[in-house]
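The values are calculated or read from the model by the stated rules, or taken from the named source; none is laboratory data. Keep in mind it's a predicted model, so treat the numbers as computed, not measured. Counting neighbours? That spans all protein chains shown, and the Cβs are built from the backbone with ideal geometry, glycine included. When the accessible area is computed, the model is the full protein with side chains, heavy atoms only, and any ligands, DNA or RNA have been set aside. Shrake-Rupley method; radii C 1.70, N 1.55, O 1.52, S 1.80 Å.
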Amino acid sequence: MALLQLSEPGQSAAPHQHRLAVGIDLGTTNSLVASARSGKAETLPDDNGRHLLSSVVRYTSDGVIVGEEAKAQAVLDPLNTIVSVKRLLGRGVEDVKTLGSRLPYQFQQQRSAVPRIHTVAGDVTPVEVSAEILKTLARRAERSLGGELEGVVITVPAYFDDAQRQATKDAARVAGLEVLRLLNEPTAAAVAYGLDHGSDGVHAIYDLGGGTFDISILRLKRGVLEVLSTGGDAALGGDDFDRVVAEWIMQQAGIDDSADHEMLRRLMRDACSAKESLTTAAVAPLLVDLGNGGFWEGELTRERFDQLVEPLVRKTLVPCRRALRDAELRVEEIEDVVLVGGSTRVPLVRELVGEFFHTRPLADIDPDRVVAIGAAVQADVLVGNKSDEEMLLLDVIPLSLGIETMGGLVEKIVPRNTTIPVARAQEFTTFKDGQTAMAIHVLQGERELVSACRSLAHFELRGIPPMVAGAARIEVTFSVDADGLLSVEAREKSSGVQASVLVKPSYGLTDSEIEGMLRDSIEHAAEDLEARRLREQQVAANRSIEALRAALADDGEKLLNKEEYQLIEDQLGKLVEVYGSSDHQAIKQQIDTLEKVCEFYVERRMNASVSKAMTGHSVKDFE
């Protein structure tokens, strides 16, 4: 008799088979890959023994170079060498402009929300650049572990929004990796910290990297890691420290704003070196190559450096204060503060964070490696090598999710800091008689107005049975998975008609666009918007046509003379003609014209209705 070997879902069918999975910290400045082996998670080195991989990609006519070798050429070949690409992930062209006008790249001008950087090897997107970093880390892991990877856990800043998370996942798919989960960086650090120390209690994870800042308040109790609140800034980090130092050097050396790309790269390199030196030294000497055979020599003291970066460090304390308030905790209730990210090595950061939380920050686990180690622990669980009963992760979403309602307002359906995965539903209704479709606009943010929040997606619910305004019951359900990615469904309850969308922001990707390397990701966005506007006006026009025809059939000949009747019929005919066009503005204009022409008719109908209601009654009957 043949025997069947059974296994639990997610567990290996072979009891002694170790499935290969890794955790990847895709960082702004440096990236790492880690794996859990023999019960311990550790970062994996390259062939030269280096654990950190510089998050730098250089494009040449002969191929792609990633890491230290690319970083070494950043000054000499700035336009083809992409650094800090994580700051561009999931951002549209307009968003990128807010990061500073001195980005040393040539952005292509085209009709696309995806920023495209021109290089000698062709135009590339931030997703493609990030994919090259992930490919390099994956190859390193496969060489170290001796086999193909079955899955990866990739960490993202807790304050990454849906677009940035989707872009990260798209980069992994372009790299050919199976993403087991996107894990918030502070949560990953807490996994590593909690397992290493076994410390129950409330912890603050202060994560200041090269390009992003996160603060998370977590409670660890009997193996359950619950994120109570999170906050941060997705455009604040060590790169900004470098930038203010570089600007100071420009002032001191008399370098004007017309400096070329190569000079800007040299300045950022020198500023970064000075920052790193001042971690232990009191003075950092400076020798700046002015590019014309001349040099500027000077020095930057720790005191002056602190003055330059203090506003940026204090800026990180604002989200800390908000996170405490959201968690309904006082500073005194925080047991300890764990430092994550290379920028926490700056002495002023440790000093001000210690003052704020009234405790000495902990940095006994390497701030650069702790996130990757935590991701590796989680990857080991998710791939089935380890029981997930050892630690339960309860993460949260960083920003509220909702839809647009009348008046350009946002109705929040899933508030920020809601534990994920989560599904929330709320009922809405129609605002016009006979409305058979509803355009749904999905948004993310904390502001009350649509214009101040981030647009994530548009879709339509069609086939709503014609009813009077307010009668339809339309349930909109938001579902956020463990990666923090969103899907939305709308359903009209009486008929059961429904529509749904897996939210892909305008700079996100479809499966076909992944294969086409993201070339036309936003091409149809404008068309979709026009179609939605057209449909809204057609619904309004249809309602006007049907209502007016019904009224004319009822009492038109009684209340109107021939000239008046013909005038209304002419304008009604014009609306019928324009109804079938694709010009939503023309439809709206004709609706407005028809309503104005019919004002006297509407008034007569109202008077007739009142007279009919009062027939046989005295005024006292209505008191």
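Brief remarks follow.
- Gly298 touching a Lys or Arg at 6+ places or on another chain (Cβ under 8 Å) and not in a helix (DSSP H, G or I): no
- Which listed residue is under 28 Å from Arg322 (Cα atoms) and either open to solvent by less than 30 Å² (accessible area, probe 1.4 Å) or in a loop (DSSP other than H, G, I, E, B) (or both), from Leu461, Leu456: Leu456
- Matching residues in segment 464-483 - criterion: being open to solvent by 10 Å² or more (accessible area, probe 1.4 Å) and either assigned to a loop (DSSP other than H, G, I, E, B) or modelled with pLDDT under 85 (or both): Pro465, Pro466, Met467, Val468, Ala469, Gly470, Ala471, Arg473, Asp481, Ala482, Asp483
- Checked against the criteria, Gly341 counts as modelled with pLDDT under 90, open to solvent by less than 30 Å² (accessible area, probe 1.4 Å) and either closer than 18 Å to Tyr159 by Cα or hydroxyl-bearing (Ser, Thr, Tyr) (or both).
- Here Ala490 meets the list (1) open to solvent by 50 Å² or more (accessible area, probe 1.4 Å); (2) within 28 Å of Ala163 (Cα to Cα) almost entirely, failing just condition (1).
- Single residue of segment 538-589 satisfying the filter (farther than 27 Å from Glu460 by Cα and not in a helix (DSSP H, G or I)) that is most open to solvent (accessible area, probe 1.4 Å): Asn561
- Residues located in segment 398-441, provided they are β-branched (Val, Ile, Thr) and assigned to a loop (DSSP other than H, G, I, E, B): Thr418, Thr429, Thr430, Thr436
- Pairs, first touching a residue at least 24 places away in the same chain (Cβ under 8 Å) and of a type in the set (Lys, Arg) in segment 463-490, second buried (at least 21 other Cβ atoms within 10 Å of the Cβ) and outside any loop (DSSP other than H, G, I, E, B), C-beta under 8 Å, six or more apart: Arg473/Glu492
- Taking first residues from segment 347-372 that are within 18 Å of Thr187 (Cβ to Cβ) and in contact (Cβ under 8 Å) with a residue 12 or more places away in the chain and partners that are assigned to a loop (DSSP other than H, G, I, E, B) and open to solvent by 50 Å² or more (accessible area, probe 1.4 Å), the Cβ contacts under 7 Å between residues at least 6 apart in sequence or on separate chains come to Asp368/Leu52.
- Verdict on Glu262 being among the acidic types (Asp, Glu), over 29 Å from the mean Cα position of the chain (by Cα) and over 24 Å from Asp364 (Cα atoms): yes
- Among the numbered conditions (1) in contact (Cβ under 8 Å) with a residue 60 or more places away in the chain; (2) assigned to a strand (DSSP E or B); (3) out of contact with any Gly (no Cβ under 9 Å at 6 or more places or on another chain), the only one that Val337 does not meet is (3).
- All conditions but one from (1) touching a strand residue (DSSP E or B) at 6+ places or on another chain (Cβ under 9 Å); (2) farther than 30 Å from Val331 by Cα apply to Thr155; the one that does not is (2).
- Residue, modelled with the lowest pLDDT, within segment 193-214, restricted to residues that are small (Gly, Ala, Ser), open to solvent by 10 Å² or more (accessible area, probe 1.4 Å) and closer than 20 Å to Val381 by Cβ: Gly198
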